[in-house]
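Below is one structure; the comments refer to it alone.
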Amino acid sequence: MLFSGWVFMSLSWVLVVSLTAYCFYKTLQADGSKK
Amino acid sequence: MSEENKEVLKPVMPEDENESFGPGVSHTPRETWGSKIGLILAMAGNAVGLGNFLRFPCKAAANGGGAFMIPYFIAFVFLGIPLMWIEWALGRFGGRHGHGTLPAIFNRIWKNPVSKYIGALGIVLPLLIVTYYNYIESWTLAYGYFSVSGKYSGIHERQAMETFLEGYTGRTKKESVMAVPAGPATAEISVAFDKYYGDGVYRMNFEFRDANDKAVAGASEFAIYREPGPNTILPSKTATLPEQLESVYPGPGDTLASRPETVTFKFRTPVKPETAKIGLGWGNNYFNGYGAALLFFVITFAINIVVLYKGVESGIEALAKVAMPTLVIFAIILAIRVLTLAPVKAGALDGLGFIWNPDLSMLGSAGVWLAAAGQIFFTLSICTGAIQTYASFVKDSEDIVLTGLTTAATNEFCEVILGGTIAIPASVMFFGAAETAEIAKSGAFNLGFSSMPVIFQQIPLGSVLGAMWFGLLFFAGITSSVALAYPAIVFLKDELDYTHARAVTLVASILFVSALPVIFFFDRGFLDEMDFWAGTFGLAMFGFVELVFFCWIYGMDNAWDEMHHGHAMKIPKVFYYIMKYLTPAFILALMIIWGYQDGIGILTMNGVPAENAPVLWGARLLMAAITLFFCYLIKKAWDKKGQVHA
């Protein structure tokens, strides 16, 4: 795997994991604030 | 579930009769989601399908690798997320007034009698798609069983595994022609044997012309059996061989333990190679007719109907709570196993490199951008009408902005991280980069149903891993198929006051009858015809229509307020303009390009064999009949309960 492949894979993974984690975190936070 | 949560998710009731729309409002309490996590998992289950694990890696590998992710994420932001929010908003908007499908929702937005018939697309398209989707889903169940039972054990070549799938789908005979290279007249001709379809008896018919142009023709049988069993059918030793033929290899009645490299003819007098006609016939030994395909289809169909019959909370949500975590766990185990396999033709990093090494020059190709937009469009399951129906069960004050984004993000996690780490890297490791490129171009089915079973047979505990692979595809499939079938059920309940059981029974009857031609005419293009008009072009058309209705007829200001009603997260203002201008332009472009590139040829049946034309007309007739039937039901509902309030 080329260095550029690592860069694209890492960026994509970080982007997707961050988005997913952020969404679930905010969802739990929003549910918590309702309670 | 906590009491507070129950309060948040209490059943949705029509708020005010005067505010109602459509053919009146049922006073029966509508179904509702049991919990927020159940809603997210069900919506994510709708989005996560076979395409996440098969279509995405093929598209990425064939369209620039890592560079594909640039247009992919751009399409995600400008096409996927806006449409996701719009569909959630449309659904909750309808549910507030007791309607979960598009005829009544469109009729509310545009009080013209035509609007409700345009909304029929939101019921008919998903119903047409699920007609054939259930069949493909049943393959995954069947292959999971075959993996454990050892039905395909011993098939170590992709071409033979492709024949296995052909046999499963009812194509029991295989005929092909072997190519003979041109050259001067010769007494010995060797032809590469590249038609290995699997073990069994091969019947060869041949004809050559000698120097006097006299025919030298004959026929013989030979067999290939790697592991002969008690039921092995032996080839006939009796052959029709011409006098001029000295010998042929494999000879009449020969049973070989492995595939021959070549078929060799030796003649007493020279023959002209360019006159050669060598036909090869093979009877599919794996299956005998449609029995297995029908059996697994009926089982898959029955599971779907049970889930639908149990309804939103006890059926769809309960399924999603089991299927989605199981799917993710299976995918993680498979991804780890693939990445820790000993290299065969290439290592794990070469496998990842194949899908992620960027070819930035591909970004100049319009086809790559189209492929990325198409992938986002299909992977999020937008424009099918299913999201609106699921969202109609969300309480009026419930957030849809954050929840919608969460489901889209969950889908991306399953696609980019899990989907990109299993099938294509494994294929590169076992078949090499060049063959994987061919596999990726030949389509997702070949990757999933031909390549992966061959790979699993070569690794320890392969039958278990194979069952997990097809199990995850089955879970990905069923969570989508129940979502696609639900709008029609909800329409019958909301607008015609059907009981739940009666609505499920009618929809199940339509689906079952419609699926039969899909199964029996699969190899003649019935499924492909439906997939283009309902599952590709129809979706883009419907997406454009709903954008026009919501963002232009209802008005972008109203749409913006509707989306933010009860919001837990504010949408950045730039999306106001993206939704109003960019997303409709994006989807209109998709519709025009798909229609121009493929639609004209498909419409005129360009290149279709004459014997398949009636089958394709049959598919069109079926689609038209289902559409007209639902238009009739819409008319009946509105006639019964009165037209829309002015």
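The values are calculated or read from the model by the stated rules, or taken from the named source; none is laboratory data. This is a predicted model, so every value here is computed, not measured. Virtual Cβ from ideal backbone geometry, glycine too; neighbours counted across all protein chains shown. Remember, those area values only see protein heavy atoms, side chains included, never the ligands or the DNA or RNA. Shrake-Rupley method; radii C 1.70, N 1.55, O 1.52, S 1.80 Å.
Residues whose amide H falls under 5 Å from that of residue B:223, counting only those 5 or more places apart or on a different chain, are B:202, B:254, B:255, B:256, with hydrogens built in the peptide plane.
The value obtained for the range B:411-527, namely the Cα convex hull volume divided by the number of residues, is 151 Å³ per residue.
Non-local lysine pairs in the range B:236-348, meaning eight or more places apart or on different chains, with alpha-carbon distances under 25 Å, amount to 4. Give me the percent of DSSP beta bridges within the protein assembly as shown that run antiparallel, rounded to the nearest 5. Bridges in the protein assembly as shown are about 95 percent antiparallel.
Axis angle, to the nearest 10 degrees, between helix B:401-412 and the longest C-alpha principal axis of chain B: 10 degrees.
Provide a whole-number value for the mean count of partner chain Cβ atoms within 10 Å of the Cβ atoms in peptide B:343-354.
Averaged over the peptide's residues, the number is 2.
Between helix B:81-96 and chain B there is an angle of about 50 degrees, using the helix long axis and the longest principal axis of the Cα atoms. Shown here is the pair-distance distribution of chain B: with all Cα-Cα distances grouped in 10 Å bins from zero up to the longest one, the shares run 3, 15, 23, 24, 16, 9, 5, 3, 1, 0 percent.
How would B:99, B:564 line up by accessible area, probe 1.4 Å, largest first?
The most accessible residue leads, giving B:564, B:99.
A dipole drawn for the protein assembly as shown from +1 and -1 charges on Cβ atoms has a positive end, and of B:588, B:75, B:510 the residue lying farthest that way is B:510.
Counting only protein chain heavy atoms and rolling a 1.4 Å probe, the accessible areas of B:30, B:524 rank, largest first, as B:524, B:30. Computed over chain B, the per-residue total of -39500 (n - 2.57) for DSSP H runs of n ≥ 4 gives a 222 nm mean residue ellipticity of -17000 deg cm²/dmol, rounded to 500. In this rough spin-label picture, where each label sits 7 Å from Cα along the Cβ direction, the residue B:256-residue B:173 distance is 2.4 nm.
Given N residues in the range B:390-443, what is its alpha carbon radius of gyration divided by 2.2 N^0.38 Å? Kindly include the intermediate steps, with their values, before the conclusion.
On the way: Rg = 18.3 Å, N = 54, 2.2 N^0.38 = 10.0 Å.
With N residues counted in the range B:390-443, Rg over 2.2 N^0.38 Å equals 1.82.
Coupling constants for the range B:374-382 follow from the phi torsions by the Karplus curve (6.51 cos²θ - 1.76 cosθ + 1.60, θ = phi - 60°), and in residue order they are x, 5, 4, 4, 6, 5, 7, 6, 7 Hz; glycine and proline get x. Could you let me know the centre-to-centre spacing of the range B:49-73 and the range B:208-285, using Cα atoms, in angstrom? Answer, in whole Å: 44. Only one residue of B:299, B:338, B:484 has its Cα farthest out toward the positive end of the dipole of chain B, where Lys and Arg carry +1 and Asp and Glu -1 on Cβ, and that residue is B:299.
Could you give the dipole magnitude of the protein assembly as shown about its Cα centre, charging the beta-carbon of Lys and Arg +1 and that of Asp and Glu -1, in debye to the nearest 20?
420 debye
Rounded to the nearest 5, the antiparallel percentage of DSSP beta bridges internal to chain B is 95%.
Once both labels are positioned 7 Å from their Cα atoms along Cα-to-Cβ, the gap between residue B:512 and residue B:573 label points is 5.7 nm. Spatial offset of the range B:590-629 relative to the range B:343-372 amounts to 33 Å, using the alpha carbon center of each. Over the Cα atoms of the range B:206-260, each weighted equally, I'd like the Debye log10 I(q)/I(0) at q = 0.20, 0.24, 0.28 Å⁻¹, rounded to two decimals. Log10 of I(q)/I(0), two decimals: -0.75, -0.92, -1.10. Would you compute the Debye intensity of the range B:341-494 from its alpha-carbon atoms alone, equal scatterers and no solvent, and pass along log10 I(q)/I(0) at q = 0.14, 0.17 Å⁻¹ to two decimals? One equal scatterer on each Cα of the range B:341-494 leads to -0.87, -1.12. Counting Cα-Cα pairs of the range B:67-187 in 10 Å increments starting at 0 gives whole-percent bin shares of 10, 20, 18, 20, 18, 9, 3, 2, 0. Residues within the reach of a label modelled at residue B:114 (point 7 angstrom out along Cα to beta-carbon, backbone nitrogen below 19 Å), restricted to the range B:539-576, are B:541-555.
Taking the square roots of 5 times each eigenvalue of the Cα gyration tensor of the protein assembly as shown, largest first, gives ellipsoid semi-axes of 51, 27, 23 Å.
Placing one equal scatterer on every Cα of the range B:362-413 and applying the Debye formula, the log10 ratio I(q)/I(0) at q = 0.13, 0.25, 0.30, 0.31 Å⁻¹ is -0.44, -1.02, -1.17, -1.19.
In this structure the amide hydrogen of residue B:246, modeled in the peptide plane, comes within under 5 Å of the amide hydrogens of B:266, B:267, B:268, none closer than 5 places in sequence on its chain.
What angle do you read, to the nearest 10 degrees and between 0 and 90, between the alpha-carbon axis of helix B:583-594 and the longest principal axis of chain B? That works out to roughly 30 degrees. The simple Förster model, with R0 at 45 Å and r as the Cβ-Cβ distance, assigns residue B:621 and residue B:236 a FRET efficiency of 0.50. Close amide H contacts of residue B:120 (hydrogens built in the peptide plane, cut-off under 5 Å, sequence separation of 5 or more or a different chain): none are found.
Within chain B, the longest segment free of exposed loop sites, counting GluC sites (Glu not before Pro) that fall outside DSSP classes H, G, I, E and B and have at most 15 other Cβ atoms within 10 Å, spans B:262-646. For the residues of B:355-362, the average number of beta carbons from a partner chain within 10 Å of their own beta carbon is 4. Simple point charges give the picture: +1 on the Cβ of Lys and Arg, -1 on the Cβ of Asp and Glu, and for chain B a dipole about the Cα centre of about 460 debye. With 5 Å bins beginning at zero, the pair-distance distribution over Cα atoms of the range B:233-350 amounts to 2, 7, 9, 10, 8, 8, 9, 10, 9, 8, 7, 6, 4, 2, 1, 0 %. The distance separating the Cα centre of the range B:78-114 from that of the range B:129-174 comes to 39 Å. Sequence-ordered 3J(HN,Hα) estimates for the range A:8-13 from the Karplus curve with 6.51, -1.76 and 1.60 and θ = phi - 60° stand at 5, 5, 4, 4, 5, 5 Hz, glycine and proline given as x. Using only side-chain charges placed at the Cβ, +1 for Lys and Arg and -1 for Asp and Glu, the dipole size of the range B:259-394 relative to its Cα centre rounds to 700 debye. A Förster distance of 60 Å, applied to the separation of the beta-carbon atoms of residue B:213 and residue A:3, puts the FRET efficiency at 0.40. Placing R0 at 60 angstrom, the Cβ-Cβ distance between residue B:226 and residue B:604 gives a FRET efficiency of 0.85 after rounding to 0.05.
Identify, among B:84, B:193, B:252, the residue whose Cα sits farthest towards the positive end of the charge dipole of the protein assembly as shown, taking +1 on the Cβ of Lys and Arg and -1 on the Cβ of Asp and Glu, with the dipole about the Cα centre. Sorting the options by dipole projection puts first B:84. 3J(HN,Hα) couplings calculated from phi for the range B:237-248 with the Karplus curve 6.51 cos²θ - 1.76 cosθ + 1.60 (θ = phi - 60°) are, in sequence order, 7, 7, 9, 9, 10, x, 4, 5, 8, 7, 7, 9 Hz; Gly and Pro show x.
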